[in-house]
Amino acid sequence: MEKTTFISFPGLGIGEFRVNNVAFTLFGHNIMWYGIIITLGIVLAYFYVCYRAKHNENVRVDDVIDYAIYLVVFGIIGARLYYVFTSFDSFKGKNLGETLYNIIAIWEGGLAIYGGVITAIVVVFIFAKIKGLSPFLLFDTGGFGLITGQMIGRWGNFFN
């Protein structure tokens, strides 16, 4: 799946240059720049939310760790499901097994941020109820973390 992407920023006076979308190969699997940058966005968003929780919101960092695990896992699932539901015809296979494989084959691409955000909102309400926290405090604590992750992660699209 290795390919070269051409990137340019003509409004900034930066002409076209080539970028390989594969950063490196690990144990025979291509590690893509897109995935690295998305992961960097998630990690930096997490550290920002931990800092904000500790210094501004009086939310325990242990709760942020739990919160982050659920949000990332269910956010990815929600982003994938939203993408699948909005373009289901491209996932249909010859049989049920092939269709299910196509649906879960996230490594083939296909996430939609809208699905991740919608799922994250639901997860925050459930998590807050279980932990006895205010969901609005969690939204306030993590909101800019979402924006930070999105800002950084979008740069990965240049390599995709």
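The values are calculated or read from the model by the stated rules, or taken from the named source; none is laboratory data. In this text the structure is predicted, and so the values were computed from the model without any measurement. Methodologically, a virtual Cβ is constructed for each residue, glycine included, from the backbone with ideal geometry; neighbour enumeration extends over all protein chains shown. Keep in mind that these areas ignore ligands, DNA and RNA; they rest on the heavy atoms of the full protein, side chains included. Shrake-Rupley method; radii C 1.70, N 1.55, O 1.52, S 1.80 Å.
Numbers at a glance
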| read-out | value |
| --- | --- |
| All positions within region 1-52 that are open to solvent by 80 Å² or more (accessible area, probe 1.4 Å), in a strand (DSSP E or B) and under 30 Å from Ile69 (Cβ atoms) | Phe24, Thr25, Leu26, His29 |
| Tabulated pairs, region 82-100, first aromatic (Phe, Trp, Tyr), second in a loop (DSSP other than H, G, I, E, B) and open to solvent by 40 Å² or more (accessible area, probe 1.4 Å), C-beta under 8 angstrom, 6+ apart or interchain | Tyr83/Leu111 |
| Unique residue being assigned to a helix (DSSP H, G or I), in contact (Cβ under 8 Å) with a residue 12 or more places away in the chain and either farther than 21 Å from Asn157 by Cβ or in contact with a strand residue (DSSP E or B) (Cβ under 8 Å, 6 or more places away or on another chain) (or both) when the list is Ile103, Ile118 | Ile103 |
| Subset of region 57-109 [more than 20 Å from Ile130 (Cα to Cα) and touching an Asp or Glu at 6+ places or on another chain (Cβ under 9 Å)] | Lys92, Asn102 |
| Number of the exception - Ile113 against (1) touching a residue at least 40 places away in the same chain (Cβ under 8 Å); (2) surrounded by 13 or more Cβ atoms within 10 Å (Cβ to Cβ) | (1) |
| Count of residues meeting criterion [without any contact (Cβ under 8 Å) to a residue 24 or more places away in the chain and part of a helix (DSSP H, G or I)] in region 127-146 | 7 |
| Complete set of residues in region 127-146 that are of a type in the set (Val, Ile, Thr) and in contact with a helix residue (DSSP H, G or I) (Cβ under 8 Å, 6 or more places away or on another chain) | Thr141 |
